[in-house]
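Written below as structure tokens is the structure these notes are about.
Just so you know, all these numbers are worked out from the coordinates, no wet-lab data involved. Only a predicted model underlies this, so the values are computations on that prediction, with no experimental measurement involved. Positions of Cβ are generated from backbone atoms using ideal geometry, with glycine treated the same way; all protein chains shown enter the neighbour counts.
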Amino acid sequence: MKTADPSPWRPPAITARWWPVFLRNLLVWRKLALPSLIGNIAEPLIWLVAFGYGMGALVGQVQVDGRAVPYILFLASGSICMSAMNAASFEALYSAFSRMHVQKTWDGIMNAPVGLDDVVFAEMAWAAFKSLFTVTAILLVMLGLGISHSPKLLAAWFILAGCGIVFSSIALIFNALAKSYDFFTYYFTLFMTPMMFLSGVFFPLEQLPDAVQAVARWLPLANAVALVRPLFMDQWPAAWLQPALTLAAYAVAAFWAALALTRRRFAA
Amino acid sequence: MPSAPLLQARHLFKRYGDTTVVDDLSFEIAPGECLGVIGPNGAGKTTTIRMCLGLTAPDAGEIVAMDGLAMPRDARAIKAQLGVVSQFDSLDPDFSCAENLVVYARYFGFSRRAFAPKVPQLLDFAALSHKADAKPGELSGGMRRRLSLARALVNDPKLLLLDEPTTGLDPQARHLMWERLQTLLQQGKSILLTTHFMDEAERLCSRLLVIDHGRKIAEGRPRELIAEHLEPDVVEVYGNGALALAASPLRQFAARVEVSGETVFFYTQDARRLLDALAAHGGLRIFHRPANLEDLFLKLTGRQIREDG
């Protein structure tokens, strides 16, 4: 009987057993939640205050869709997407790699009746959850600072949840390919840093040459910013369908690829 | 009627690139039996266990377990009835011993509430009651292995797969582990055990599988294997002029003579006459003992060091 490994690209087989894996991560995190939360939100808020108020005084107002908005609002709506990206990426790279490769937590889990697909899905959901938790805390601080009072922030919260899913999934692709932590430096310097500057977080995309803009509009972070920024300005995004579909496509494609590459890694 | 095997592997093959790691391997484990798998490093032991767990699929062959379930198709149903201690600890460093058990039980579908009463029993079994709140990092190697064993018992499995459960332990910790495994066997559990310790294999296993280069080279009860493959006595000789004896007329008293380093091994049916003859040679150090599993292992797999050994 021939029973060779089936294709790693077969559809995901996710069962309810992903939940105890998610819960495991939650329980570990609960032990050090407060210091970790402070660490996670302090940095983005320092950036926001320093750049928003400091640069904001120089820049004044920024034109968005023909409307002038204070620079701090412009920056806050972009940087919160960046925070979602960073929090999800760190968790799904360094922390997931520790569990997968260093601590062998995944191996232990898979000796129980839990499949690799469940584990990968749980890691994705966990990184997305942690990102959303961080983002929620930052949003609350922004509300406290009076940067935006738009009721549409609730819609932004859902977009940011999706943003966490997208970047967790992308990061898990690199997790599946990594031989050591050093590998993640490439991901940060070659992928995340350029994306940060090409996604309209710090300055409007329109400032860039047309050719660069054309590429930048396909970046996941740029699409998230395109959806979240109008909501911060208490407006519904004019063209929401294309960025929403782009983000959804990134989430599905990246998760599938992450799963396939992780299966390949574990089949060896 | 003999009961059906708990796990049956038939004609397993596994290749990585050009290397055949498991080569037409068949074996089965009966209820209540302890099957030992011994073989040099790289013989295919861990790969075989990984196939039994559905973590890697065989290139050919099949594994049937627990009344007609097939691996990897029914991996979850089979693993629900298995307990596993892998070669390297995968305990959660952030959880206490008690939490490690509760969290692991959840992977089998047991809620904290349902499982809580079993935690003290399992910790007691692992002789870790006094360490319930300690984290794995605060435990000795032996304690960590026993916690891994307790963790493998959360689902009250029928069959335990243990990959080198006592490697790296001191004699006290090893004996405690053996004691616990014997208790489990008395309770009717079955065990598949890989090991490098021949005394461990001889003490615990009712049957042994010797594999090398992925192939089964011997199978049977430890004592019977020794009787079948070896002469009953071994006389080890080293010291001045020992090596010359290997080619001397003394040979006639031994069925087989082997030289390794500075030592000559005489495998003999007639140790008395050999020892009398050796007495005539001065300056030798002589060690006479019954043939054991280690001799068998070395005879079957050779004395040379393996690449990753």
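Here are some notes:
- Mean partner shielding of peptide B:151-160, defined as the number of other chain Cβ atoms within 10 Å of each residue Cβ, is 1.
- Charge tally in the Cβ shell below 14 Å around A:ILE80, where Lys, Arg are +1 and Asp, Glu are -1, A:ILE80 excluded: +1
- Relative pair counts by distance (%), Cα atoms of the range A:1-83, 5 Å bins: 3, 11, 12, 10, 10, 9, 9, 9, 10, 8, 4, 2, 1, 1, 0
- Once you divide the Cα radius of gyration of the protein assembly as shown by 2.2 N^0.38 Å, the number left is 1.26.
- Cβ crowding within 10 Å averaged over residues, with A:85-96, B:283-294, B:28-39 ranked highest first: A:85-96, B:28-39, B:283-294
- The charge dipole of the range B:131-288, taken about its Cα centre with unit charges on the Cβ atoms of Lys, Arg (+1), Asp and Glu (-1) only, comes to about 520 debye.
- Per-pair calculated FRET efficiency, R0 = 41 Å: B:ALA227 and B:TYR16 via Cβ, rounded to 0.05: 0.65
- Taken over the range A:175-264, the ratio of Cα radius of gyration to 2.2 N^0.38 Å equals 1.26.
- When each of A:LYS130/A:LYS179; A:LYS31/A:LYS130; A:LYS31/B:LYS118; A:LYS130/B:LYS79; A:LYS130/A:LYS152; B:LYS79/B:LYS189 is checked by Cα-Cα distance, pairs over 19 Å: A:LYS130/A:LYS179; A:LYS31/B:LYS118; A:LYS130/B:LYS79; A:LYS130/A:LYS152
- Take each residue in A:109-120, count the other chain C-beta atoms within 10 Å of its C-beta, and the mean is 6.
- Against the main long axis of the alpha-carbon atoms of chain A, helix A:33-49 sits at an angle near 30°.
- Residue mean of other protein chain beta carbons inside 10 Å, B:86-95: 5
- The eigenvalues of the Cα gyration tensor, multiplied by 5 and square-rooted, give the range B:150-205 an equivalent ellipsoid with semi-axes of 18, 12, 11 Å from largest to smallest.
- Gaussian network model of chain A, Cα within-10 Å springs - most flexible of A:PRO35, A:PRO70, A:PRO237: A:PRO35
- Semi-axes of the equivalent ellipsoid of chain A are 35, 20, 16 Å, computed as sqrt(5λ) over the eigenvalues of the C-alpha gyration tensor in descending order.
- Tensor-based shape of the range A:120-230 (alpha-carbon gyration tensor, a/c under 1.5 rounded, otherwise prolate or oblate): oblate
- Annotation: aspartates and glutamates with alpha-carbon distance below 13 angstrom to B:LYS158 (same-chain offsets under eight excluded): B:GLU33, B:ASP67.
- Using only side-chain charges placed at the Cβ, +1 for Lys and Arg and -1 for Asp and Glu, the dipole size of the protein assembly as shown relative to its Cα centre rounds to 960 debye.
- Using a Gaussian network model of chain B in which every pair of alpha carbons under 10 angstrom is joined by a spring, one finds that among B:ASP94, B:ASP18, B:ASP199 the greatest mean-square fluctuation is at B:ASP18.
- Theoretical ellipticity at 222 nm over chain A - DSSP helices of four or more residues, -39500 (n - 2.57) apiece, nearest 500: -21000 deg cm²/dmol
- Overall, the range A:24-267 carries a charge dipole of about 500 debye about its Cα centre when +1 sits on the Cβ of Lys and Arg and -1 on the Cβ of Asp and Glu, all other atoms neutral.
- By the equivalent-ellipsoid construction on the alpha carbon gyration tensor, the range B:232-290 comes out with semi-axes of 15, 12, 11 Å, ordered largest to smallest.
- Under 12 Å from B:LYS135, Cα to Cα: aspartates and glutamates that are on another chain or at least 8 residues apart: B:ASP92, B:ASP94, B:GLU99
- Among A:THR193, B:VAL64, A:THR136 the positive-end extreme of the charge dipole of the protein assembly as shown (Cβ point charges): A:THR136
- Normalised by residue number, the volume inside the convex hull of the Cα atoms of chain B is 167 Å³ per residue.
- In the range B:1-113, the convex hull through the Cα atoms has an average projected area of 9.4 nm², a quarter of its surface area.
- Per-pair calculated FRET efficiency, R0 = 22 Å: B:GLN87 and B:GLU138 via Cβ, rounded to 0.05: 0.50
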